[in-house]
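Participant: Got a structure for you, written out below as structure tokens; questions coming shortly.
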Amino acid sequence: LNTDSTEVVWNQGKLEAGSEVWFRSDSLLPGLLKFRSSTRDFRVSIRNAVDEEVSLYMDSQSQSLLVDRIFSGNTSFEPEFANKKYYVPMDRLPEGEFEFRLWLDRSSIEVFIGDAVISTSLLVFPNEAFNQLVLSNSALSEKGVIQDIQLIKAPGKAARGRVDATKASNKKTPH
């Protein structure tokens, strides 16, 4: 994204343990989701109106980022493309708070965690533009906070949307 022409379309201070927030818009593309986290238990899901979805789960027990693009859109061109979830090891991520950045474009998602100590790229081929984002904090401790949440969008389609915050049960997000 050219930072000279971007717009912050969602800015939320804090997401407590056991809570989730939804952002809905005409389109999230191209965009950047960024936040700081003291928890290693959360989920980011990107969805569209035809129920296609890409989910990323950070899990402290397995020390990994689980990437699920099984229902991400067109996967018929290659049987092995999205037929399983894959794990990104998080063992190099230093203790303490870290920054999470997710760059989203029409057919790619780039994730950078902790000053790019951990990174992954994935291709996706949705049949419609992604227009919903869900961020869930599944921390078991009230000390596990996600904060300084921003969704930044490049000019183009309208990104004005609606945010729905909910308090969820304090259970781990299933993978």
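The values are calculated or read from the model by the stated rules, or taken from the named source; none is laboratory data. Computed from a predicted model, the values in this text were never measured in an experiment. Methodologically, a virtual Cβ is constructed for each residue, glycine included, from the backbone with ideal geometry; neighbour enumeration extends over all protein chains shown. We work out accessible area using only protein heavy atoms, side chains counted, and drop any ligands, DNA or RNA first. Shrake-Rupley method; radii C 1.70, N 1.55, O 1.52, S 1.80 Å.
Participant: Under the Kirkwood approximation for Rh and a Cα-based Rg, what ratio Rg/Rh is obtained for segment 1-142? Before the final figure, lay out the partial values.
Facilitator: Numbers: Rg = 14.9 Å, Rh = 15.7 Å.
Ratio of gyration radius to Kirkwood radius: 0.95.
Participant: Computing the accessible area with a 1.4 Å probe over protein heavy atoms, can you report the carbon and sulfur percentage for segment 54-112? Please list the in-between numbers first.
Facilitator: Working: 1570 of 3210 Å².
Roughly 49 percent of what the probe reaches on segment 54-112 is carbon or sulfur.
Participant: Per residue, how much accessible area does the chain show when a 1.4 Å probe rolls over the protein heavy atoms, in square angstrom?
Facilitator: Details: 8720 Å² over 175 residues.
On a per-residue basis, 50 Å².
Participant: I would also like to ask the following. What is segment 45-115 by shape, rounded, prolate or oblate, if you read a ≥ b ≥ c off the alpha carbon gyration tensor as root eigenvalues and call it rounded for a/c under 1.5, prolate for a/b larger than b/c, and oblate otherwise?
Facilitator: On the way: a/c = 2.43, a/b = 1.75, b/c = 1.39.
Judged from the Cα gyration tensor, segment 45-115 comes out prolate (a/c at least 1.5, a/b above b/c).
Participant: Are there GluC sites (Glu not before Pro) in segment 5-88 that DSSP puts in a loop and that have at most 12 other Cβ atoms within 10 Å, and which ones? Don't jump to the answer; show the numbers that get you there.
Facilitator: Values: sites: 7, 16, 20, 52, 53, 80; in loops: 16, 52, 80.
When the GluC sites (Glu not before Pro) of segment 5-88 are filtered for loop state and at most 12 Cβ neighbours within 10 Å, 80 remain.
Participant: Starting from 0.36 nm per residue, how many nanometres of slack lie between residue 11 and residue 85 once their C-alpha separation is accounted for? Show your work: numbers first, answer last.
Facilitator: Details: separation 74, 0.36 × 74 = 26.64 nm, distance 3.01 nm.
Gain on extension, residue 11 to residue 85, equals 23.6 nm.
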